[in-house]
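Heads up, the thing below is written out as structure tokens.
The values are calculated or read from the model by the stated rules, or taken from the named source; none is laboratory data. Computed from a predicted structure; not experimentally measured. All Cβ positions, even for glycine, are placed from backbone atoms using ideal geometry, and neighbour counts span all protein chains on display. Areas reflect the complete protein model, heavy atoms only, side chains present, ligands, DNA and RNA absent. Shrake-Rupley method; radii C 1.70, N 1.55, O 1.52, S 1.80 Å.
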Amino acid sequence: LLYGGAMVTSILGGAAVPMLGAVRASQLCLVLAALAMMSTMAAALIPLALGAALLGAAYGPVTPASSDVLARVTPPGWRSLVFSLKQTGVPLGGALAGLIVPILVLQFGWTGTGPVVALACLVVAAALQPWRAGLDRPVPVARWRPSLLGPIRQALSDRAIRRLAWASFLFAMLQHALGTFLVSHLVTTAGYALATAGGVLAAGQIAGALGRILWGAAADRLVSPRVMLTALALAMAVGAAGTALVTADTPLALVIAIAVVFGASAVGWNGVYLAEVARLAPPTAVASVTGGCLAVTYLGVTIGPVAFTVMVSVGAGYASGYWLHAALALAAAALLVRR
């Protein structure tokens, strides 16, 4: 529900960002997120399901809005690094949630934690207001005509952007194959204790957060973004294949090394990708094109875990799922190297 909502609003929101202004759009997203978090107070299935869809609706336009701002204010030679720095907010936010939310749950219960997080969203929305005058460049339109297919067509009509979008579809599947199933794979296949398996995943996630910065800097200074993304695709293939080969006899140090390679690539690609989309998009349509591309990316997030789960549930096992994802990473590399 969450990523389904994000798919829709990344398209609609991306098209609306130029009209609203990027900061105003971000503030509205934070307000929607606050309303979504309030659904936890009901402690019932239907409100929670609606809250998940609403949280997805809040999540979708944020990246198109930030790309709209950064594409305007970032010097071209720093674009990949700055976009990558911005993308580190995702794992850092997850880390903060992991540290703070359990404490809130112990203090207020899980139904009382949602309103506290909602208040934090509203505080940040208010704190953004002084920045609005300097960063927003609203484009007056006589009438906004929402379209789900228009931004996707616009994004996929350019050959280079189309290949980036479909590569991101595969990258998103690999990212969630790491984050969603690695712990279960290590516990079930290799007999790891839950805490040890969680530590291995944490190592991969930390490598991904650091990788976002390193790969962004490398794409600005050392190699082209397309070459960088191709190298990351090959690293994802190595990480997924190595994960498939893990057994109870594999040394822990080697398992951690595999997770670091997998995490640095499968979590670290986003900033370089978004910066390249912003570079290739028309200057007046960065938000709209980014929204169309993200719809393809979120489709991978939606399909990937379901496909992996089906493979495990029919008896193919976690290793087969990771072998499949290694093949998908090679397919992404093939997409990117084609001229």
Practice prompt. Working only within the stretch 1-50, note down all residues that are open to solvent by less than 50 Å² (accessible area, probe 1.4 Å), touching a Ser or Thr at 6+ places or on another chain (Cβ under 7 Å), in contact (Cβ under 8 Å) with a residue 40 or more places away in the chain and under 21 Å from Leu104 (Cβ atoms).
Written response: Thr40
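Mind checking which residues of the stretch 190-235 are outside any helix (DSSP H, G or I) and either β-branched (Val, Ile, Thr) or touching a strand residue (DSSP E or B) at 6+ places or on another chain (Cβ under 8 Å) (or both)?
Within the stretch 190-235, the first condition is being outside any helix (DSSP H, G or I), and the residues that meet it are 191-193, 222-224.
Once the filter is applied, which keeps residues that are outside any helix (DSSP H, G or I) and either β-branched (Val, Ile, Thr) or touching a strand residue (DSSP E or B) at 6+ places or on another chain (Cβ under 8 Å) (or both), the stretch 190-235 yields only Val223.
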Discussion item. Filter the stretch 51-65 down to the residues that are assigned to a helix (DSSP H, G or I) and open to solvent by 10 Å² or more (accessible area, probe 1.4 Å) and list them by number.
Written reply: Ala52, Ala53, Leu54, Leu55, Ala57, Tyr59, Val62, Thr63
Practice prompt. Among the residues of the stretch 180-236, write down those that are open to solvent by less than 40 Å² (accessible area, probe 1.4 Å), at pLDDT 90 or above, closer than 17 Å to Leu170 by Cβ and among the small types (Gly, Ala, Ser).
Written response: Ala233, Ala235
